[in-house]
Amino acid sequence: MLRVDLDALTANYAQLCALAPGSEGAAVVKADAYGTGAHRVSNALHKKGCRTFFVATLAEGISLRARLKEARIYVLDGLFPGTSRLFAEHRLSPVLGSLPSLEEWSRARRSGDGFPAAALHIDTGMNRLGLGPDEIPSLLEKAAHYFNAAGIDLVMSHLACADDPDDRSNQTQSHAFGSLLQQLPPCRASLANSAGIFLGKDYHHDLLRPGIALYGGRSVSASRNSMRPVVHLTSHIAQVRTVKKGVPVGYGGAYVTNRKTRLATVPVGYADGYLRALGSTTGKAGASTFIADHEAPVLGRISMDLITIDVTDLPPDLAKPGTDVELLGSNISVDDLADIAGTIGYEILTSLGNRYDRHYTESD
Ligand SMILES: *Cc1c(COP(=O)(O)O)cnc(C)c1O
């Protein structure tokens, strides 16, 4: 079962907003709200006053709009040629990232009513999306015209290295953004993702764009994470057996028992986003699971639908079929799993599969 704690989510949102008292909070809910479920998450945040949401794709925007009538929804991937009508039909705001898309959106707006405002994305050093240095002179030449014709109500940029507060590119990007804002018509601005919020006031501008921190993940590397865990993943013991010392466990016999071992099999695997890199071999530990706060390490490789855990040291009455097994939650965080698998919390969350029963807990 995958439990999403909506109270923890909204508490994280409040905590992030409190770090930037002069700014408005938005929420990045792309990739189905990082695997947690965009509809429920957006509704919970909307109830707490969040009125601006960012998705990645047009399809995500259309799906969210069906559930969320009264909110600004920006589509980060921008305007794919020929899709302006769809944006208008679902009242979605493209994040325009090039002069041609700025022109296309302006043309569309001239042709009829019902086109919402749009955001303008400036690339200040990420070299991914947004108007780059080659397009800025043309933008500045006709900025007032573009802003008016395209209905620009937000200028944004994205930080490449905000997870490392010591990285000098943070300041470089922030200065580039600030100096461009001074040359553009007055407009609301947005720079900070989750990590950017922790960089301080200079980075806050008018609108915050947190993603990972809302979902309880660590955004700043090498610092204590003060966000509350939002995702709790539990499975159960399907089968228990006792094997002798020297017995191989799972595919490839990658792990061989070093003592008489009680093994429990749990029906979760890499097809559920419990990544294969979380497995163990004879020489190398993998992830741990928890049974009533007792640690039960993963033994051997992760299969597509199953894992095997070591329950030798647990009280015998606990380690029996049906017992709950915590895979992710209070004892082991998203980032603990990410560190073991050599990845980031973002990938752990967005990998969570569709086989789980998703349950949402919310106090009111
Ligand atoms: C994904 C994304 C965010 C959110 O980033 P987090 O690191 O998850 O807070 C903000 N802005 C843009 C442009 C993004 O693509």
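Bear in mind these aren't lab numbers, they're just calculated from the coordinates by the rules spelled out. The shown structure was predicted, so the numbers you read here are calculated from the model rather than taken from an experiment. In this analysis, Cβ positions are derived from the backbone assuming ideal geometry, glycine residues included, and neighbour counts consider all displayed protein chains.
In the stretch 60-77, what residues are of a type in the set (Ser, Thr, Tyr) and within 16 Å of the ligand (Cβ to nearest atom)?
Scanning the stretch 60-77 gives a single hit, TYR74.
Of all residues in the stretch 42-85, which are in a helix (DSSP H, G or I) and closer than 25 Å to GLY130 by Cβ?
SER42, LEU58, ALA59, GLU60, GLY61, ILE62, SER63, LEU64, ARG65, SER84, ARG85 - these are the residues of the stretch 42-85 that are in a helix (DSSP H, G or I) and closer than 25 Å to GLY130 by Cβ.
Have a look at THR361, THR281, THR350, THR343 and point out the one that is of a type in the set (S, T, N, Q) and more than 30 Å from ALA11 (Cβ to Cβ).
One residue alone meets the criteria, THR281.
Given the conditions (1) farther than 25 Å from GLU104 by Cβ; (2) within 16 Å of the ligand (Cβ to nearest atom); (3) in a loop (DSSP other than H, G, I, E, B); (4) of a type outside the set (Ser, Thr, Tyr), report the number of the one that ASP166 does not fulfil.
(2)
Residue by residue, here is whether (1) exposed (fewer than 14 other Cβ atoms within 10 Å of the Cβ); (2) part of a loop (DSSP other than H, G, I, E, B) holds:
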residue: ALA108; (1), (2): no, no
residue: PRO116; (1), (2): no, yes
residue: ALA119; (1), (2): no, no
residue: LEU140; (1), (2): yes, no
residue: GLN173; (1), (2): no, no
residue: LEU180; (1), (2): no, no
residue: ALA192; (1), (2): no, yes
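I'd like the residue in the stretch 4-41 that is part of a helix (DSSP H, G or I) and of a type in the set (Val, Ile, Thr) and, out of all such residues, is farthest from the ligand (Cβ to nearest atom).
THR10
Among (1) assigned to a loop (DSSP other than H, G, I, E, B); (2) within 16 Å of the ligand (Cβ to nearest atom); (3) in contact (Cβ under 8 Å) with a residue 24 or more places away in the chain, there is one condition PRO185 misses while meeting the rest; what is its number?
If we test PRO185 against (1) assigned to a loop (DSSP other than H, G, I, E, B); (2) within 16 Å of the ligand (Cβ to nearest atom); (3) in contact (Cβ under 8 Å) with a residue 24 or more places away in the chain, just (2) comes out false.
Can you name every residue in the stretch 98-143 that is basic (Lys, Arg) and within 16 Å of the ligand (Cβ to nearest atom)?
Across the stretch 98-143, the qualifying residue is only ARG128.
Test ALA222 against the criterion of being among the small types (Gly, Ala, Ser), in a loop (DSSP other than H, G, I, E, B) and more than 23 Å from VAL41 (Cβ to Cβ), and give yes or no.
Considered against the rule, which asks whether it is among the small types (Gly, Ala, Ser), in a loop (DSSP other than H, G, I, E, B) and more than 23 Å from VAL41 (Cβ to Cβ), ALA222 comes out as yes.
Checking SER63 against (1) closer than 19 Å to MET156 by Cβ; (2) among the polar types (S, T, N, Q); (3) under 25 Å from the mean Cα position of the chain (by Cα), only one condition comes out false. Which one?
Condition not satisfied by SER63: (1).
Does VAL95 fit the bill of being more than 16 Å from the ligand (Cβ to nearest atom), in a strand (DSSP E or B) and either touching a residue at least 24 places away in the same chain (Cβ under 8 Å) or aromatic (Phe, Trp, Tyr) (or both)?
So VAL95 does not fit the description; no.
Out of all the residues in the stretch 190-211, is one or more closer than 20 Å to GLU104 by Cα, within 12 Å of the ligand (Cβ to nearest atom) and of a type outside the set (S, T, N, Q)?
No, that holds for no residue.
Do we find that SER235 is closer than 27 Å to GLU347 by Cα, among the hydroxyl-bearing types (Ser, Thr, Tyr), within 25 Å of the chain's Cα centre (by Cα) and within 16 Å of the ligand (Cβ to nearest atom) in this structure?
Spelling it out, it is not the case that SER235 is closer than 27 Å to GLU347 by Cα, among the hydroxyl-bearing types (Ser, Thr, Tyr), within 25 Å of the chain's Cα centre (by Cα) and within 16 Å of the ligand (Cβ to nearest atom).
Looking only at the stretch 330-364, filter to residues that are more than 16 Å from the chain's Cα centre (by Cα), part of a loop (DSSP other than H, G, I, E, B) and of a type outside the set (S, T, N, Q); which one of those is surrounded by the most Cβ atoms within 10 Å (Cβ to Cβ)?
Within the stretch 330-364, the match that is surrounded by the most Cβ atoms within 10 Å (Cβ to Cβ) is ILE332.
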